[in-house]
Amino acid sequence: MNPGTEHWMVVNERPDVRMVRGHGSYLEDAAGRRYLDFIQGWAVNCLGHAPTAVRDAIAAQASTVINVGPAFHNEPALRLASGLARLSGLGKVFLANSGAEANEGAVKLARRWGQKHRRGAFEVITTIDGFHGRTLAMTSATGKAGWAEAFPPGIDGFPKVPYGDVGAVERAIGERTVAVMVEPMQGEAGVVMPPDGYLRELRTLCDRHGILLMCDEVQTGMSRTGPLFAHGHEGVLPDVMTLGKGLGGGLPIAALLARDEVSCFEFGDHGSTFGGNALTSAAGLAVLETITSASFESRRADSSRRLLQELSRIAESHGALLRGRGHLFGMVFDTGIAEAVRRRAFEHGLLLNAPRPHVLRFMPALDVGDDEIESMGRVLARSIDECRQGT
Ligand SMILES: *Cc1c(COP(=O)(O)O)cnc(C)c1O
């Protein structure tokens, strides 16, 4: 057993290995075994393990200044905020440390906006099976079965509607509604794509009712699905957006962005001790500069095409369906074998995630190479075959 596990507060299952180093798409454990990583820290390491850009940026920043605290500005945070604002079209940026924290900020902002502009409206419509994080309020905002009742009393004000159903959102809008909060693609639900035009129709609906459209892009942002932000697929601009996961290339940083007119916090309304610290901001800036460079963009597009091709081929030959885009895919089986396939793949040195009993999820580095995609395909096909044959 790993030394120290007796003191580890157990909140999830972990295999009895200890990861000691990583490079690109590979992780290595204490026994020297190598794993091909298609989880990448949960869609976090968008540039793979130990990417030069992030490593250099944080090493340089660490030897300059790590943390000046929230009482003062620092250069990497201001540069990151400016870059995100320019690229998103959302003029105001608050830097936080996790996706859940950014979403908490988004809901607080919506409620403040509701007090000022919509007679105290506070309800944020969210979706069934949507995921927004694990803080107390986000547990209530999240639409996973059983979560609303898990830590009673829950937080009021998050009516749920089926994902992808604009009519259901419209029927749920009332006097107390201040915003609609959706993922452009549901990640934790097993990579669920909405019908074409979903965000566009939500945008129109929100405008008609004078409420806010908030996109939780914690998983889909930072080019995970292709464009820098997934709402770019539909050419709409939300009023509020949250980012996390890929933003720091492995470091904990998240962001809350809002249109200038919506950014209505007053002094004392919001804050964060570590939010916008120089070290993680330097990482975020390095990630942003890397993934928006023309050379990375063309590598990412090639990699995504190759990944789609390989996963489609395997899905087709193994009686599964593929959904997703960019570097975020779900392979959907007709039976609940995803967890068994995941375990088998792990034994063969491939790291995958099974967010649902019948769904495998793929979230590799955005520049995962052809060889790595081919290796993944071989191990995946073999793992599915072994599970289907019960060997
Ligand atoms: C992962 C995730 C979160 C939560 O992010 P944390 O950093 O774990 O708090 C929120 N929303 C979405 C869509 C996510 O995928």
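The values are calculated or read from the model by the stated rules, or taken from the named source; none is laboratory data. The model shown is predicted, which means the values in this text are computed figures rather than measured ones. In this analysis, Cβ positions are derived from the backbone assuming ideal geometry, glycine residues included, and neighbour counts consider all displayed protein chains. Each accessible area value is taken on the protein alone, full model and side chains, heavy atoms only, with ligands, DNA and RNA left out. Shrake-Rupley method; radii C 1.70, N 1.55, O 1.52, S 1.80 Å.
Helix-only arithmetic for the chain: the sum of -39500 (n - 2.57) across DSSP H runs with n ≥ 4, divided by the residue total, places the mean residue ellipticity at 222 nm at -11500 deg cm²/dmol. Among rounded, prolate and oblate, which fits the range 72-215 when a ≥ b ≥ c are the square roots of the eigenvalues of its C-alpha gyration tensor, a/c under 1.5 means rounded, and a/b larger than b/c means prolate? Rounded, since a/c falls under 1.5. Note that the range 311-325 has calculated 3J(HN,Hα) couplings of 5, 5, 4, 5, 4, 4, 7, 10, x, 10, 10, 10, 9, x, 6 Hz, one per residue in order, obtained from phi through the Karplus relation 6.51 cos²θ - 1.76 cosθ + 1.60 (θ = phi - 60°); glycine and proline are x.
Remark: the range 276-290, residue by residue, has Karplus-estimated 3J(HN,Hα) of x, 5, 5, 5, 6, 5, 4, 5, x, 5, 5, 5, 4, 5, 5 Hz, where x stands for each Gly or Pro and the curve is 6.51 cos²θ - 1.76 cosθ + 1.60 at θ = phi - 60°. Loop-located GluC sites (Glu not before Pro) in the range 254-321 (DSSP state not H, G, I, E or B) with no more than 15 neighbouring Cβ atoms inside 10 Å: GLU261, GLU266. Modelled label positions at ARG33 and GLU6, each set 7 Å beyond Cα in the direction of Cβ, lie 2.5 nm from each other. Distance between the 7 Å Cα→Cβ label points at ARG382 and ALA301: 3.5 nm. Computed from phi, the 3J(HN,Hα) profile of the range 5-13 under the Karplus parametrisation 6.51, -1.76, 1.60 (θ = phi - 60°) reads 5, 5, 9, 7, 5, 7, 10, 7, 7 Hz, with x in place of Gly and Pro.
Angle of helix 75-88 to the longest C-alpha principal axis of the chain, folded into 0 to 90 degrees and rounded to 10: 90°.
Taking the DSSP bridge list for the chain and keeping only pairs wholly inside it, about 65 percent are antiparallel.
Maximal additional length on extending the ARG21-ARG323 stretch stands at 105.6 nm, based on 0.36 nm per residue less the C-alpha distance. The accessible surface of the chain, taken with every protein chain in place and a 1.4 Å probe, is 54 percent carbon and sulfur. Compared with the dominant Cα axis of the chain, that is its longest principal axis, helix 52-62 is turned about 50°. For the chain, lysine pairs separated by 8 or more sequence positions, or belonging to different chains, with Cα-Cα distances below 21 Å total 8. For the range 196-235, applying the loop criterion from DSSP together with a ceiling of 14 other beta carbons within 10 Å to the GluC sites (Glu not before Pro) yields no site. Here the dipole of the chain is about 180 debye; that uses its Cα centre as origin and unit charges on the Cβ of Lys and Arg (positive) and Asp and Glu (negative). What is the distance in Å between the Cα centroid of the range 263-304 and that of the range 108-177? Cα centroid to Cα centroid, the span is 26 Å.
Computed with a 1.4 Å probe over protein heavy atoms only, the accessible surface of the range 136-217 comes to 40 Å² per residue. For the range 1-57, the set of GluC sites (Glu not before Pro) satisfying both a DSSP loop assignment and a count of at most 10 other C-beta atoms within 10 Å is given as GLU13. For the range 170-217, the dipole from Cβ point charges (+1 on Lys and Arg, -1 on Asp and Glu) about the Cα centre works out to 220 debye, to the nearest 20.
Extension gain for ASP196 to GLU75 (0.36 nm times residue separation, less C-alpha to C-alpha distance): 39.6 nm.
Of the residues HIS7, THR52, THR135, the one whose Cα sits farthest towards the positive end of the charge dipole of the chain is THR135 (charges of +1 on Lys and Arg Cβ, -1 on Asp and Glu Cβ, taken about the Cα centre). From the alpha carbon centroid of the range 351-391 to that of the range 179-240 is 27 Å. Could you state the angle between the C-alpha long axis of helix 370-389 and the longest principal axis of the C-alpha atoms of the chain, as a value from 0 to 90 degrees rounded to the nearest 10? Around 80 degrees separate the two axes.
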